[in-house]
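The values are calculated or read from the model by the stated rules, or taken from the named source; none is laboratory data. This one's a predicted model, so the numbers in the text were calculated from it and none came from an experiment. Here the Cβ is made from the backbone with ideal geometry for all residues, glycine too, and neighbour counts use every protein chain on show.
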Amino acid sequence: MSTPRRYFKELRFRQLRALVELARGRTFTAVASALGISVPAAWQQIRALEEEFGTAMVRQHGKTVAFTEQGALLVELAQPLVESFDRIRELFADQNQKLTRRITVATTASLLLHELQKPLELYRRHNPDVQLSFIDRPSVMALKHLEDGEADVAIVGQINSPDHPRLEATPVSSYPFVLVCPMGHPLLNAKTLKASDIIKCSLVMPGPGSNSHRHVQDVFEAAGLWQKANVALSASTFDIVVGYVRMGFGISVTSVSPMILKDAAAGHSSYRGVAFRDLARLFGREEIVFLHRKAKLELPHHRAFREIVVNALQE
C-alpha cells in the first residue's frame, strides 16, 4: 500500500510572500505596509512558517530582523516563486494583448550617454509599442530603485561584484579607473605612479555616493593617505570633472567608459585639454552589470530588452 503524500496543510502563499517582503524591508512594519495587514499579523505569517518547517527563520535585533541560515535559504527558494506568481496577471494580460507594455530602467548618466544609446535605438525600432522610461541615478541609487520595485531593470556599475540573492546579474562591460589630468601634467609621464604621488595634487572627485568616489577614497584610506587629500571639488557628472580638470582645479581619479576613452584618443572636442592614464593596476575596474529580479516568468518584451542590451554591451 502506497504511503499517502504529505502536503503542507498550514503553508500558504501569503506566508511566503510575507517572508519575501521581510527580506526586502527588514522590518515587520515594512511587511505590514506592503501587504496591507497589521504588524502582529505580519509576525504571525512568519511564525506560521517557522512552525511548519520546524526551525527559526529570523532573529530580531531592535526594530530590524536578521535571517537565520534556514530563513535565508527559504527566501532564496521562495523569492522566484513569489515574483513569478506576481507576474501571472501581467503575463496573461500581455498574451491577451490587454497590457500596456512598459519597462522602467534605472541606470547612470554615463551609460545613457554612451553605451546604451545604440541598443536602446535598436530595441525601440523592433518594439515600438513598448513604453521606455528611465531613472537617471548613480549606480548605488539606481540599484535601490530596482530593489524597491520602482524599476524593472538596472544597468549599473559595481566594485568587487557584491552578491544580490534576489536579483539576476549579468556582467556586460567594465570601466577602468583612470587618471584625468590637464595636458602636459607631470604625472602623465611619470615612469611609475603610486597613490602617494597622486594624493599630493588637488583632487576633483567623482560625485559623493558614487561607486568611484567611495572606491577612490577606500584605496587612499587603505594606503593611509586619505587624511592628506585636498579635495577641490566633488563633481556630479563626468563632464564637470573634465571641465574643472581642464581649468586647472586639480586632477581626478575615476572610472571611465571605454567609449569615452576611445573618443578622447580620436581627438573628440569634448576632451580637448585633458589627458588620461590607465590606473587599473592601482585602483582596479568598475564592473558594469545588467540586473533584474529573479522570476521564472519573464514578460516577453522584458526578455527582448535584456537580450538586446546584454548582447550589445558584451560585444
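Couple of notes before you dig in:
- Taking each residue of the stretch 13-36 that is without any contact (Cβ under 8 Å) to a residue 40 or more places away in the chain and looking for partners that are assigned to a loop (DSSP other than H, G, I, E, B) and not small (Gly, Ala, Ser) with beta-carbon atoms closer than 6 Å, six or more apart or interchain, yields Thr27/Lys63.
- Residue in the stretch 160-174 that is under 26 Å from Glu115 (Cβ atoms) and in contact with a Ser or Thr (Cβ under 7 Å, 6 or more places away or on another chain) present: no
- Breaking point among (1) touching a residue at least 40 places away in the same chain (Cβ under 8 Å); (2) among the basic types (Lys, Arg); (3) closer than 30 Å to Arg166 by Cβ, for Arg246: (3)
- Residue identified as among the basic types (Lys, Arg) and at positive phi among Arg17, Arg26, Arg47: Arg26
- Restricting the stretch 23-53 to residues that are of a type outside the set (D, E, K, R) and touching a strand residue (DSSP E or B) at 6+ places or on another chain (Cβ under 9 Å), the residue that is modelled with the highest pLDDT is Ile46.
- In the stretch 139-197, residue farthest from Gly25 (Cα to Cα) [restricted to those that are surrounded by fewer than 16 Cβ atoms within 10 Å (Cβ to Cβ) and among the acidic types (Asp, Glu)]: Asp197
- Restricting the stretch 102-121 to residues that are under 17 Å from the mean Cα position of the chain (by Cα) and surrounded by fewer than 17 Cβ atoms within 10 Å (Cβ to Cβ), the residue that is nearest to Lys144 (Cα to Cα): Ala109
- Close pairs from the stretch 268-295: first farther than 22 Å from Thr108 by Cα and free of Cβ contacts under 8 Å to residues at least 40 places away in the same chain, partner outside any loop (DSSP other than H, G, I, E, B) and of a type in the set (Ser, Thr, Tyr), Cβ under 6 Å, at least 6 apart: none
- Residue that is surrounded by the most Cβ atoms within 10 Å (Cβ to Cβ), among those in the stretch 66-89 that are at pLDDT 85 or above and over 23 Å from the mean Cα position of the chain (by Cα): Gly71
- Test: residue in the stretch 170-192 that is of a type in the set (Val, Ile, Thr) and either without any contact (Cβ under 8 Å) to a residue 40 or more places away in the chain or at positive phi (or both): yes
- Residues of the stretch 38-52 satisfying the condition of being among the β-branched types (Val, Ile, Thr) and buried (at least 16 other Cβ atoms within 10 Å of the Cβ): Ile46
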